[in-house]
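These notes are about the structure you will find just below.
The values are calculated or read from the model by the stated rules, or taken from the named source; none is laboratory data. These numbers come from a predicted model, not from an experiment. Positions of Cβ are generated from backbone atoms using ideal geometry, with glycine treated the same way; all protein chains shown enter the neighbour counts.
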Amino acid sequence: MLLATLAGGISLGFLYGLVALTLILLVRTTGVLNFAAAEVGMLCAFVAFAALTQFHLPVLVAVAVTLVFSGLLGAAVYCGIVLIRPADPLTLSLRTLGLLLIVNSVAYKIWGANSPYTFPRILPEGVVTISGFNVGYVQLLVIAFAIVIALAVWVLTERTRLGLLLRAVSSDREAAADLGVPVVSVDLMAWCMATVVACCVGILVAHLFFLAPDMMAPILLAGFAAAQLGDMQSARVALIAGVVLGIIQSASSVYFNQPELSQILSFLVLTVGLIIRGRFRGRVIST
Amino acid sequence: MTARETPSRFFRPPTALPVMMHPVLGVVILTVCLGLAPFALADYQLTLVATGAAYSVAVLGVAAGFATIGMLALTQPAMMLIGAYVALYAIEALGLSFVPAALLAVLAGLLVALPLGWITCRLDRFSFAVLGFAFTYLVSMLMSSNLLVGVTGGELGKPFPSANVFGMVLHDFTNYVALAVCVVLAYLLAPIIFRSTMGRFLIVMRQDDVLAKSVGIDTNLHRILLTAIVSAYGAFSGVLVGLASGFVAPPHFDVALSISLLAMALVGGTRYLLGAAAGTLILLVLPAMFNLTLIDRNLLVGVVLLACLIFVPEGLLSFDRLGRLVRRPPAPERTPAS
Amino acid sequence: MTPGYPMQRRHLLTAAAALACGLTLASAAPAHAQSEPGVTATSIKLGMSAGITGPIAFASRQFSSYMQKYFDKVNAAGGVNGRKIELVVIDDGGKGDVALQNAQRLLQQERVFAITTIGTATTAGILDYLTRQNVPLLFPGAYNTELVNPTRPNTFALFQAYEGQIAAVTRWVYGKKGVGSAVIVRANPPSFDLAAKSAAATVEASGGKVLATLNTSYNQPEWASIVIRLKELKPDYIIVMTTASDMGRMWKEIAQQGAAPPKGIIGISPLADQAFLDTAGGPVPDDMIYAAVPATVVPTSPEAKDARDLSPGETMGLFGLEGAASGAVIVEALRRLGADVTRAKLTALLHDKFEPFKTSFMDTVKSSPDHLMVQSVGVATVKSGAFVAATTEFVK
């Protein structure tokens, strides 16, 4: 039972970590905390759903259309929230709160009346047994995707010229602009990338759970917590934090049978983690 | 914690404060509006105004926190819930009258906020915000569960009991009068608190935290105090919401309400005392009066919040034209002697 | 505390003048004019607070829509004793405090005759207020124990509460499929306390054994931990009490882990909701699920055709059928009142004078001391991916 509990917790934890990565990607590149990242992912999942069930597009075409839509949505969000009147990261982050409410309301208005929906099975179904516990292919895909995204974020920001430009713009916009860095293009690329990642997360969650405007609710807060434990910078720490939170929730559910206790423990982990991280900030070079 | 020192004798706190401006005018307008409402509005509309006024006290706390050091007080719904249920328990089980019950509720909010403030005073803004979300979610969940069902009624909530003030049982119009008096008092107290020395220190901390420390301001202590005061406003607001609406249910005081309260504070603006009331009127009272569905109300909050943060970042009450009409001439700038 | 601000605030002279005018007008009014709120010579106005947006939007829309359609059908045939029934629906987003505001609006602004609602939280929000105002609360689409316990003079329920539902369906399933062990899986909010106790008592009384009670939360983030326990415990039955989408996700995890109980899964009415099948993530085996369907037949049954025909192009779910049922009983009650329609007469009729009434799509409705006017439930099961009736009988 212990190994099964760990397997279940790890699987859940990587999902939290994946949500965290959608936040970290944008914070690392633009300094903006996008509160609406998960809701945007949900909206993209609905677009994929419409493409598959209403317009009956082939799976690959529907996915491609959705990814293109998500990129365009990212561009539209950037133009509508940032470019229209640039501001400091805090104000931009608060604007995304407004975006969260707008996206959520629009999704409810269009699809809420008949939700929840079953997302079409576009990913392979099947399980792998680990110590008597069956892990679905989609759950393994979540783990793999989370690791790939974390690596990609690291490679992008540390090893590529684009990443260097992103960090330069994030660090000092005016100086970067003065030195000829195409600030708007770089920012736009960051927002589009972040939205595409959020889109993929949305489709995975719809596959794992179900499709509804509130489908992100069970995992959103833990995702934010994992991201914050990673200081909104470290993908690696965020993934580890997500896994820790997942194991705690799984284990407390199995062994203590009290959902309240699970939430209290998660809250304590978050609090202690933030305090410890705060004390060590500045002493450790972020990765 | 650093040893507390008296501020340097060379330090002069700013004289013109960009928060809680025109408090007297604000309180007068608020009092007149609340006083005239019973004669101008139908019964149901008056209930909405009373409920909105109650929520505006929580928004005032959020606005004060944001205006001073940019705090994102997302714990406010949790404090409202704590305040409402402490007052409910005090009236129902302990048989207290309204005033001591309300004071007990505020004290409970303070007691919960102090350790929370101590934990969070070292955190950056976004960490505090995420912790605030988590705390609100946790409190709402705990109050909905079996643990406190005798007090809270669980997820279905409980009617707020009739209260009495000085032996008079409150209902209908006397209820409204008591609520209006409480709201006006809360608004009166805010500028007194935030235009005190503590308030001025908070402004300095917002401008430059290191500078504030260097002149001897205990920034951690002031952050803790601010958290406590904002939370006290939240707890008091919870009591008033129970009184106004007659019902308290934990699921309503959730993360979504955190965002709504912050939105009301930002939309109304934090420069003027009445900003909180204005934001609550625009985003809570008027949509209910016009019978918008809840989804449309959420959409309205999102659109108005986004539009304000883009076009009027200091809030709707900070239109330049309006500001010029009522603002005193700015203090002359101090330029270094050439 | 009674929210609402009646005339006391008006100036004394204004009140006196109004009284004088009122007396003059009253003396000029026809002798048989109705003074009852919401009732005129040609219409009866009812109010509903429903979460037509928000987390229970589908259920609320169907409940209100089918009730409206039932009233439309009756109005097209001439109404009730010459009066048309008008239904005013206001959105509450599934929230109890907003439902209370809506109830105040319906009474103070819309001046309705009686009120109904849908949803456990929304019903809880308005229960006390309507009792204090002495306004009839008629057959809400809700399963709150508080609707009938304690009995309120103004409140009448049609649908058995969760504890009654689970006892009835568990007893039936144990009778049909045999005695066995059970694990109870319940959402932790106190709403399910009585239901969990009732389920345990029924299992024990039927000769079975409760191996454990597993607690979950609403929107449970993961079901793997629950299913891990289920695999360890190996019950014959799983008795489940939570939301439809949570039950769907639970089934999905059970199917993935190969932990299906040999005899079946028994549940309260949300298990009979289409949302369960939509979130189950795959096919549900035949004769695995047994869900209580309070008061009515299963929506897909031939007996429910009259209700389905109210909206031919739409798929009627459980709550749509409940809306039609509530509407039917309301119409019958108003019909039996005759020309003189008052709140007091309505509550007196429903309290102990409502003779048995039956339609094709629900069990017999009659007065009852606890004001629960249908005590029985139907039983739904899943066959070929859709809900069907497991039995044509109503069980208690």
Task: Residue selected from region C:178-207 under the condition within 26 Å of the chain's Cα centre (by Cα) and in a loop (DSSP other than H, G, I, E, B), by the criterion surrounded by the most Cβ atoms within 10 Å (Cβ to Cβ) - done: C:ASN188
Open item on the list: List the helices (runs of 4 or more DSSP H) inside region B:248-292, counting only whole elements, that have at least 3 residues being within 14 Å of chain C (Cβ to nearest Cβ).
Closed with: B:255-268, B:286-289
Task: Close pairs (6 angstrom Cβ cut-off, 6 or more residues apart or separate chains): closer than 18 Å to C:ILE268 by Cβ and polar (S, T, N, Q) in region C:132-153, in a loop (DSSP other than H, G, I, E, B) and modelled with pLDDT of 90 or more anywhere - done: C:THR145/C:ALA161
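Considering region C:247-300 alone, what residues qualify as being of a type in the set (Lys, Arg) and more than 9 Å from every other protein chain (Cβ to nearest Cβ)? Working first, answer last.
Within region C:247-300, the first condition is being of a type in the set (Lys, Arg), and the residues that meet it are C:249, C:252, C:263.
Answer for region C:247-300, where residues must be of a type in the set (Lys, Arg) and more than 9 Å from every other protein chain (Cβ to nearest Cβ): just C:LYS263.
Out of curiosity, is A:LEU261 closer than 30 Å to A:LYS109 by Cβ, within 11 Å of chain C (Cβ to nearest Cβ) and surrounded by fewer than 24 Cβ atoms within 10 Å (Cβ to Cβ)?
No, not satisfied.
When you check A:LEU123 against the structure, is it in contact (Cβ under 8 Å) with a residue 60 or more places away in the chain, of a type in the set (A, V, I, L, M, F, W, C) and in contact with a His (Cβ under 7 Å, 6 or more places away or on another chain), yes or no?
Numbers: in contact (Cβ under 8 Å) with a residue 60 or more places away in the chain: yes; of a type in the set (A, V, I, L, M, F, W, C): yes; in contact with a His (Cβ under 7 Å, 6 or more places away or on another chain): yes.
In short, yes.
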TODO: Filter region C:85-121 down to the residues that are more than 10 Å from every other protein chain (Cβ to nearest Cβ) and over 17 Å from C:ARG343 (Cα atoms), then identify the one that is surrounded by the fewest Cβ atoms within 10 Å (Cβ to Cβ).
DONE: C:VAL88
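Only residues that are among the small types (Gly, Ala, Ser) and without any contact (Cβ under 8 Å) to a residue 40 or more places away in the chain: list them for region C:85-117, please. Spell out the reasoning first.
Applying the first criterion (among the small types (Gly, Ala, Ser)) to region C:85-117 yields C:93-94, C:96, C:99, C:103, C:114.
Scanning region C:85-117 gives a single hit, C:GLY96.
Listed here are the residues, each with its yes/no results for (1) touching a strand residue (DSSP E or B) at 6+ places or on another chain (Cβ under 9 Å); (2) farther than 30 Å from C:GLU36 by Cβ; (3) assigned by TED's automatic domain parsing to the domain that holds C:GLN68.
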| residue | (1), (2), (3) |
| --- | --- |
| C:VAL284 | yes, yes, no |
| C:MET316 | no, yes, yes |
| C:LEU334 | yes, no, yes |
| C:LYS358 | yes, no, yes |
Task: Any chance B:SER258 is closer than 30 Å to B:ASN164 by Cα and among the hydroxyl-bearing types (Ser, Thr, Tyr) - done: no
Task: Which numbered condition A:ALA238 misses (of (1) within 30 Å of A:VAL77 (Cβ to Cβ); (2) touching a residue at least 12 places away in the same chain (Cβ under 8 Å); (3) touching an Asp or Glu at 6+ places or on another chain (Cβ under 9 Å); (4) within 13 Å of chain C (Cβ to nearest Cβ)) - done: (4)
Open item on the list: So A:GLN233 ticks every box in (1) part of a loop (DSSP other than H, G, I, E, B); (2) buried (at least 20 other Cβ atoms within 10 Å of the Cβ); (3) away from chain C (no Cβ under 11 Å) but one. Which box is left unticked?
Closed with: (2)
- [ ] Run A:LEU208 past the list (1) surrounded by 23 or more Cβ atoms within 10 Å (Cβ to Cβ); (2) closer than 23 Å to A:LEU33 by Cβ; (3) touching a residue at least 24 places away in the same chain (Cβ under 8 Å) and report the number of the one that doesn't hold.
- [x] (2)
Open item on the list: Among the residues of region A:218-234, what is the count of those that are more than 13 Å from the chain's Cα centre (by Cα) and of a type in the set (A, V, I, L, M)?
Closed with: 1
Task: Where B:MET80 falls short, out of the listed (1) at pLDDT 90 or above; (2) out of contact with any helix residue (DSSP H, G or I) (no Cβ under 6 Å at 6 or more places or on another chain); (3) of a type in the set (A, V, I, L, M, F, W, C); (4) surrounded by 18 or more Cβ atoms within 10 Å (Cβ to Cβ) - done: (2)
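I need the full set of residues from region B:133-161 which are part of a loop (DSSP other than H, G, I, E, B) and under 24 Å from the mean Cα position of the chain (by Cα), in order please. It would help to see each step written out before you state the result.
To start, the set of residues in region B:133-161 that are part of a loop (DSSP other than H, G, I, E, B) comprises B:145, B:153, B:157, B:160-161.
Once the filter is applied, which keeps residues that are part of a loop (DSSP other than H, G, I, E, B) and under 24 Å from the mean Cα position of the chain (by Cα), region B:133-161 yields B:GLY157, B:PHE160, B:PRO161.
Looking at the structure I just gave you, is A:PHE224 more than 10 Å from chain C (Cβ to nearest Cβ), among the aromatic types (Phe, Trp, Tyr) and surrounded by 21 or more Cβ atoms within 10 Å (Cβ to Cβ)?
yes
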Open item on the list: Could you go through region A:205-215 and let me know if any residue there is at negative phi, in contact with a Pro (Cβ under 8 Å, 6 or more places away or on another chain) and in a helix (DSSP H, G or I).
Closed with: no
TODO: Considering only region B:68-82, state which residues are within 13 Å of chain A (Cβ to nearest Cβ) and part of a helix (DSSP H, G or I).
DONE: B:ILE69, B:ALA78
Task: Residue in region A:107-127 that is surrounded by the fewest Cβ atoms within 10 Å (Cβ to Cβ), counting only those that are β-branched (Val, Ile, Thr) and touching a Gly at 6+ places or on another chain (Cβ under 9 Å) - done: A:VAL127
- [ ] Could you list all residues from region C:154-193 that are modelled with pLDDT of 95 or more and within 14 Å of chain B (Cβ to nearest Cβ)?
- [x] C:ALA161, C:TYR162, C:ARG186
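If we only count helices (runs of 4 or more DSSP H) wholly inside region A:101-188, which ones have 3 or more residues that are at pLDDT below 90 and within 21 Å of the chain's Cα centre (by Cα)? Spell out the reasoning first.
Values: elements: A:137-159, A:161-171, A:173-178.
Here the list reads A:137-159, A:161-171.
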Open item on the list: Checking A:PRO116 against (1) under 30 Å from A:GLY8 (Cβ atoms); (2) more than 8 Å from every other protein chain (Cβ to nearest Cβ); (3) in contact with a helix residue (DSSP H, G or I) (Cβ under 9 Å, 6 or more places away or on another chain): exactly one of these is not met. Which one?
Closed with: (2)
Open item on the list: What's the total number of residues in region C:200-219 that are facing chain A (nearest Cβ under 7 Å) and of a type in the set (S, T, N, Q)?
Closed with: 4
